[in-house]
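The values are calculated or read from the model by the stated rules, or taken from the named source; none is laboratory data. Computed from a predicted structure; not experimentally measured. Cβ coordinates were reconstructed from backbone atoms using ideal geometry, including for glycine residues, and neighbour counts include every protein chain displayed. Heavy atoms of the whole protein, side chains included, go into the accessibility calculation; ligands, DNA and RNA do not. Shrake-Rupley method; radii C 1.70, N 1.55, O 1.52, S 1.80 Å.
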Amino acid sequence: MASSPFLRLPGAVDAASIPGTTAEAGVPAHYGNPLGEQRALAEGRAIVDLSDRAVLTITGPDRLSWLNSLTSQALTRLQPGESSETLLLDVTGRVEHAVRLIEDGETLWLLVDRPEAEGLLSWLDRMRFMLRVELADRSDDLATIGTLGDPPLPIAAPNGVPLIWHDPWRAVAVGGHQYAQGEHPGAGWTWSERIVSRDALESVVARVESRDLVVAGASAADALRIAAWRPRFSTEVDERTIPHELDWLRSAVHLDKGCYRGQETVAKVHNLGHPPRRLVMLHLDGSEGAHPVRGAAVSLGEKEVGTVTSTALHYELGPIALAVVKRSTAPDETLTVDADGTLVAAAQEVVVPPGAGAEAQIPHLPRLGAVTRRPRA
């Protein structure tokens, strides 16, 4: 992939040069003022270069019903201009891919992190059978720009519908379910991803240079995402992740749709069981000046109970992180995070509570052979 023209802007620091960052390599992590960039992004004034991400397409009359049969979200009634999110699970319900979707009436656009693209496209190609669908990778001619506002950009619209993905994380999607309790920080998450021609990136950068547009680095977007409890495939998912652990039923799973791979696990855990791990946001003690990175161990006393998945220095909250911990970890316990040998205290903010799941509330029946005492007359 060619170097992003945003890296030529004054102060631009390639994410590849920052060890342990959760921002993508090949785009600017920041432009020299990470906290100021966060504020501008939170206020809806800034754009974020996401041109390292991939853009795939599915065309053909069977595109919606076909992808609906393979993934976790209900897609058959997706209308032109509507956005969605879906997960591809394995047979045991573990997350293999997370896909952001835009339908324009002719084409279904799939936005994914670049490391996902090749494997996802290859798997989908093997699953076409005799259906009327065609797949393509459009990443070489189209790029993604993220924002929390509505800046004037040259949005691509090859079929007359502007290609803007609006993140459904702001509210519980139809057919979805939220485990998080109380007021949700995602309610103010107005994130969108806008598709532009790669040929137009130079003109967008020129508008930044003329101060017509404001930029923020990928690390600013990551900090605000963490504060909104928003999971991301490239950071929060490992080989064991099921959607319930990240509260991903909120935006990417329809609990009442037809059969798809992994559905049995989704239904069983949601109705009868509990996810074995749960997502938390950590407020980190910054007094030591040590900041953990993704993959750092999370412990309760001497016992390791989880792993940090994303970290950031937030412009208002200070050092924060997302982590996946064992379900049994008490929510009121102060944890410690290993920051390259320095133990950093971490207070939990519960995203997925320990009691998540078991929504069917099936009454317990007496054990076979148990004696039921009758009340005395």
### Query
Hey, L255 hits all of (1) closer than 20 Å to E85 by Cα; (2) touching a helix residue (DSSP H, G or I) at 6+ places or on another chain (Cβ under 9 Å); (3) free of Cβ contacts under 8 Å to residues at least 60 places away in the same chain; (4) not acidic (D, E) but one; which does it fall short on?
(3)
### Query
What residue, among those in region 22-61 that are among the β-branched types (V, I, T) and over 19 Å from A228 (Cβ atoms), is modelled with the lowest pLDDT?
V27
### Task
Would you confirm whether any residue within region 48-58 is open to solvent by less than 10 Å² (accessible area, probe 1.4 Å), among the small types (G, A, S) and not in a loop (DSSP other than H, G, I, E, B)?
yes
### Task
Among the candidates A330, A323, A267, A228, single out the residue that is out of contact with any Ser or Thr (no Cβ under 9 Å at 6 or more places or on another chain), closer than 27 Å to D52 by Cβ and free of Cβ contacts under 8 Å to residues at least 60 places away in the same chain.
A228
### Query
Which members of region 100-119 meet the condition of being of a type in the set (A, V, I, L, M, F, W, C) and buried (at least 20 other Cβ atoms within 10 Å of the Cβ)?
L101, I102, L108, W109, L110, L111, V112
### Query
Yes or no: V208 surrounded by 15 or more Cβ atoms within 10 Å (Cβ to Cβ) and closer than 23 Å to L88 by Cα?
no
## Note on the structure
How many residues of region 142-166 are open to solvent by less than 60 Å² (accessible area, probe 1.4 Å) and assigned to a loop (DSSP other than H, G, I, E, B)? The answer is 9
#### Entry: Selection from region 120-134 of residues that are surrounded by 18 or more Cβ atoms within 10 Å (Cβ to Cβ) and outside any helix (DSSP H, G or I)
V133
### Query
With G289, G341, G306, G262 as the choices, which residue is of a type in the set (G, A, S) and within 27 Å of L78 (Cα to Cα)?
G262
### Query
Which condition number does R100 fail, the rest of (1) in a loop (DSSP other than H, G, I, E, B); (2) touching a Phe, Trp or Tyr at 6+ places or on another chain (Cβ under 7 Å) being met?
(1)
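Specify which of the listed residues (L111, L67) is within 20 Å of the chain's Cα centre (by Cα) and part of a strand (DSSP E or B). Full working, then the answer.
On the way: L67 fails: part of a strand (DSSP E or B).
Unique residue meeting the criteria: L111.
Is there a residue being out of contact with any Ser or Thr (no Cβ under 9 Å at 6 or more places or on another chain), assigned to a helix (DSSP H, G or I) and open to solvent by less than 10 Å² (accessible area, probe 1.4 Å) anywhere in region 181-202?
At the first step, the residues of region 181-202 found to be out of contact with any Ser or Thr (no Cβ under 9 Å at 6 or more places or on another chain) are 181-185, 187-189, 197, 199-200, 202.
Subsequent filtering for residues that are assigned to a helix (DSSP H, G or I) retains 185, 187-188, 199-200, 202.
In the following step, the residues that additionally are open to solvent by less than 10 Å² (accessible area, probe 1.4 Å) were identified as none.
No.
Filter the helices (runs of 4 or more DSSP H) completely within region 211-311 down to those with at least 3 residues that are open to solvent by less than 10 Å² (accessible area, probe 1.4 Å) and of a type in the set (F, W, Y).
none
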### Message
For region 324-342: of the residues being assigned to a strand (DSSP E or B) and buried (at least 16 other Cβ atoms within 10 Å of the Cβ), which is nearest to the chain's Cα centre (by Cα)?
### Response
V324
### Task
Looking for whichever is out of contact with any Leu (no Cβ under 9 Å at 6 or more places or on another chain), modelled with pLDDT of 95 or more and open to solvent by less than 40 Å² (accessible area, probe 1.4 Å) here; the options are P319, P354. Which one fits?
P354
### Summary
Checking A347, A377 in turn, the sole residue that is exposed (fewer than 15 other Cβ atoms within 10 Å of the Cβ) and either at pLDDT 95 or above or in contact with a helix residue (DSSP H, G or I) (Cβ under 9 Å, 6 or more places away or on another chain) (or both) turns out to be A347
